[in-house]
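Chemist: Pasting a structure here, questions to come.
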Amino acid sequence: MIGIITAMKIESETVLSSMTSVRKEKVCAFDFYVGKLLGRDTVLCVSGVGKVNAAACTQTLIIKYSPKIIINIGVAGSASRLLGVGDFAVGEAYFQFDVDTSPVGDPKYMISGINKIYIDSKKETVEKATEIAKSLFPAHSVVSGKIGSSDKFIGGENACLKDVATEAGAVCVDMESGAIAQVACINQVEFLAVRTISDSADGDAPASFSDFCEESARRAEEWLREFILHV
């Protein structure tokens with residue numbers, strides 16, 4: 001079983017339209033769409049925005065459906081000069097830059113319990129995901145690296161957080177992948193996030209964000225269809 005999580009409905013609709021034999025199942029607060037994508041058993045869910053929503057959705061998905069791998073697709077803000085609007089980030093590792101228990105002696109950003117700062121994706125999975133994205137979208141930059149998550153949308157008064165994420169090594173920032181990675185790690189489930197860059201994480205988003213998300217979802221689905229043939 002392949003698990004797919006998006007934060008927003010608009011990010012999931014193209015994937016859902018490509019699935020066959022779909023049935024909808026409500027588990028706790030989440031609607032799961034169970035079916036097949038290119039003949040592979042697949043379950044799709046929209047978590048909602050933010051780390052708690054993402055974590056709750058991920059744990060529910062794991063308990064109910066026991067996925068072999070969880071893939072998180074969606075948009076993100078750039079934290080690197082190498083990534084502009086429309087480019088792609090493939091997660092090598094994930095961290096939460098709003099986690100800080102350093103006043104009690106922990107390293108900054110370390111997640112208590114698993115005692116990790118960065119949660120890695122499998123190297124071979126990252127390499128294949130990156131290779132596919134580069135071959136499908138040669139007009140766009142594709143960068144693999146660390147993805148930083150926090151519960152604050154970076155822009156406006158929060159724009160300074162981009163520097164925090166960048167200094168910690170992030171190539172892009174979002175509000176979910178770090179939490180999904182944490183839950184996947186705890187449950188020993190493989191995880192990968194692939195993000196399309198929607199803005200420069202300074203409040204400078206495309207004029208029509210909904211139109212951008214639709215185009216992003218279309219390309220994410222195109223990448224996903226090719227990637228799952230290798231999972």
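Chemist: How much accessible surface area, in Å² rounded to 10, belongs to the heavy atoms of ARG225 with a 1.4 Å probe?
Modeler: Its heavy atoms expose roughly 80 Å² to the probe.
Chemist: Let me ask you something else. Label ASP120 and VAL49 with points 7 Å out from Cα along Cα→Cβ: what is the distance between them in nm?
Modeler: 3.4 nm
Chemist: Quick one: ranking LEU192, LEU16 by accessible area, 1.4 Å probe, largest first, what do you get?
Modeler: Ranking LEU192, LEU16 by accessible area, largest first, yields LEU16, LEU192.
Chemist: Please give the length that would be gained between ASP106 and ILE63 if that part of the chain were fully extended, namely 0.36 nm times their separation in residues minus their C-alpha to C-alpha distance (nm, one decimal).
Modeler: That works out to 12.4 nm of additional length.
Chemist: For segment 66-107, what is the Kirkwood estimate of the hydrodynamic radius, computed as the reciprocal of the mean inverse distance between distinct Cα atoms, to one decimal in Å?
Modeler: About 13.7 Å for segment 66-107.
Chemist: Looking at (i) 50, 40, 32; (ii) 48, 35, 31; (iii) 51, 43, 32, which value of Cα extents along the principal axes in Å comes from a calculation on the structure shown?
Modeler: Calculated Cα extents along the principal axes in Å: the matching label is (i).
Chemist: So, by mean Cβ neighbours within 10 angstrom, what's the order for 1-14, 58-71 with the highest one leading?
Modeler: 1-14, 58-71
Chemist: Kindly rank 118-130, 87-99 from highest to lowest mean number of other beta carbons found within 10 Å of each residue.
Modeler: The peptides rank, most packed first, as 87-99, 118-130.
Chemist: Using just the helices of the chain, give the 222 nm mean residue ellipticity in deg cm²/dmol: DSSP H runs with n ≥ 4 each add -39,500 (n - 2.57), and the total is spread over all residues, rounded to 500.
Modeler: -10000 deg cm²/dmol, from helical runs alone.
Chemist: Could you sort the peptides 175-182, 76-83, 133-140 by per-residue average Cβ neighbour count (10 Å cutoff), highest mean leading?
Modeler: 175-182, 76-83, 133-140
Chemist: Treat each spin label as a single point 7 Å out from the Cα along the C-beta direction, and report the LYS36 to ARG23 distance in nm.
Modeler: Those two pseudo-labels are separated by 1.5 nm.
Chemist: Here is a further query. With contacts defined as alpha carbon pairs under 8 Å and 6 or more residues apart, what's the relative contact order of the chain in percent?
Modeler: It rounds to 27 percent for the chain.
Chemist: Compute the distance in nm between two label points, each set 7 Å from the Cα along the Cα-to-Cβ direction, one at VAL231 and one at ASN187.
Modeler: 1.3 nm
The values are calculated or read from the model by the stated rules, or taken from the named source; none is laboratory data. Predicted model only: the values in this text are computed from it and were never measured. As a convention, Cβ positions derive from the backbone with ideal geometry for all residues, glycine included, and neighbour counts pool all protein chains shown. Accessible surface is based on the protein model in full, side chains and every heavy atom, while ligands, DNA and RNA are left aside. Shrake-Rupley method; radii C 1.70, N 1.55, O 1.52, S 1.80 Å.
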